[in-house]
Amino acid sequence: MNTDITKIWEDLVWEEGGKIVYLILDGLGGLPDAERGGTELQVADTHNFDQLAKESSCGLLEIVGPGITPGSGPGHLALFGYDPLHYRVGRGVLSALGIDFDLQAGDVAARVNFATVDEAGNISDRRAGRIATDLNQKLTQKIRDQVSLDFDGTFFFETVSEHRAVLVLRGANLGGNLVDTDPQQTGVPAAEPRAKDDGSQLTEKLICSFVEQVKSVLAAEKPANMILLRGFERYEPLPSLQERFKLKGLCIADYPMYRGVSRLIGMDLVDPPGGIEARFKALQAQYAKDYNFFFVHVKKSDSLGEDADFDSKVSLIETVDRLLPLITTLAPDVLVVTADHSTPATMGQHSWHPVPLLIYGAHTRVDGVAQFDEYACRRGMLGTRPGTHLMGLALANAGRLQKYGA
């Protein structure tokens, strides 16, 4: 019989113990580039990360499971101790929560990309050239003004940032189990929205109508002449970090989706700091306050990997490395550095490869790893572990878990 280890942590956790800082570099893991002689982490000059690794326990995290490529939502849920195979949360819900939308139980949300399609209707750019947010706002307003849906309810269409938006349906008898219209590749048409169960038939009908109307509204627009939807989900609140692990958490992130996953599990949020250094300084400003768990997020390591921009991802890692002393000088009781998934620039997309991990604290076993990268960390004390193990290790190293049994 399989035991849910997170339930045991819930029984053992207590209010005592130190503060935990998570520094999550989104999509950090990579694969070697033959011309550059290593992964992005191996090529980057990471003096501070390497020094920290020498004083830490290191290993790898297999975020969801062998061969499974995680989305960012499931990846972060795993890091926070929520098994993503049990707590299934769609990208739409996270996007809505991330922009402080007043999502209500039973709402159905979907992540939206403004996209570009050619004259044949095939997708040429899934992100419409990453259009500016102000253009996004004009287009979302145009859609709100010109689209109507015939049902006993209402819809909301809101800007997230750049090419990203969110659609929320609110009404009775709505299910969230639909096939994405975003095929996540170019050169093919958008997929038809299709319900996966009987309870989502009304939602399918509404989404088909919405997409057809939006197609007409955007027909003359360039480059954003189409929308793609993914991550459909009916919203049901989750138990909080405080309820499960007695952690009062603070999220320090700019990107709406990660603010959304933080809000979903009950963290407080600072206003978007605007830039990596500003996020680190926000941590410094908030560290003495009444929080015992801090989540600091770096997004660009993922988006640069998705753009297949190896050199810029290396440069971004070096920037974070230079700023690392802004965290280490706080002397956190436990400092975790890892990622929610790999996004190798050599692939230009998320991948299933385990991500590097280090845990620094007074009670960690230093293991002799001298570099913070994917290959050095696999020789570390922690080995390769499921992503959901991280929260228990962080709690234990912070003195927040009592003894199990007599």
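Of note:
- Here each label is just a point 7 Å from Cα along the line to Cβ, and for GLN242 and ASP134 those points are 4.0 nm apart.
- Taking other residues whose beta carbon is less than 9 angstrom from the beta carbon of PHE245, and scoring Lys, Arg as +1 and Asp, Glu as -1, yields +1.
- Normalising the average separation of contacting C-alpha pairs (under 8 angstrom, six or more residues apart) by the number of residues puts the relative contact order of the range 95-234 at 34 percent.
- Summed residue charge, Cβ within 15 Å of ARG385's Cβ, Lys/Arg positive, Asp/Glu negative: -2
- Rounded to the nearest 20, the size of the Cβ-charge dipole of the chain about its Cα centre is 540 debye, with Lys and Arg at +1 and Asp and Glu at -1.
- Taken along the Cα-to-beta-carbon direction at a fixed 7 Å, the label points for TYR291 and LEU31 span 3.6 nm.
- Highest mean first, the peptides 19-25, 312-318, 106-112 sorted by other C-beta atoms within 10 Å per residue fall in the order 106-112, 19-25, 312-318.
- Rounded to the nearest 10 degrees, the angle from helix 276-286 to the longest Cα principal axis of the chain is 60 degrees.
- Computed E for ASN173/ARG194 - FRET, C-beta separation, R0 22 angstrom, nearest 0.05: 0.80
- Alpha-carbon centroids, the range 329-402 and the range 221-291: separation in whole Å: 21
- Signed unit charges on C-beta, dipole axis of the chain, positive-most listed residue ALA331, CYS58, PHE295: ALA331
- Angle between the chain longest axis and helix 201-217 axis [Cα atoms, degrees, rounded to 10]: 70
- Note on TYR375 and ASP150: their simple-model spin labels are 6.3 nm apart, each label 7 Å out from Cα toward Cβ.
- Antiparallel DSSP beta bridges within the chain, as percent of all bridges there, nearest 5: 65
- Förster-model FRET efficiency, 25 Å R0, ALA331 and LYS54, C-beta, rounded to 0.05: 0.90
- Applying 0.36 nm per residue to the separation of LYS403 and GLU119 and subtracting their alpha-carbon distance, the gain on full extension is 95.7 nm.
- Which of ALA398, GLY348, TYR375, positive extreme of dipole for the range 342-406 (C-beta unit charges): ALA398
- With a threshold of 23 Å on the Cα-Cα distance, the over-threshold entries among LYS7/LYS403; LYS246/LYS281; LYS205/LYS299; LYS7/LYS246; LYS138/LYS222 are LYS246/LYS281; LYS205/LYS299.
- Packing around the peptides 358-367, 77-86, 149-158, 253-262, taken as the average count of other Cβ atoms within 10 Å per residue, puts them in this order, highest first: 253-262, 77-86, 358-367, 149-158.
- Spatial separation of Cα centroids for the range 99-130 and the range 19-98, in angstrom: 25
- Helix-only [θ]222 nm of the chain, DSSP H runs n ≥ 4, -39500 (n - 2.57) each, per residue, nearest 500: -9000 deg cm²/dmol
No value in this document is a laboratory result; all are computed from the given coordinates. The structure presented is a predicted model; accordingly, all values stated were derived computationally and were not measured. A quick note on method: Cβ atoms are made from the backbone with ideal geometry, for glycine too, and the neighbour counts reach across all protein chains shown.
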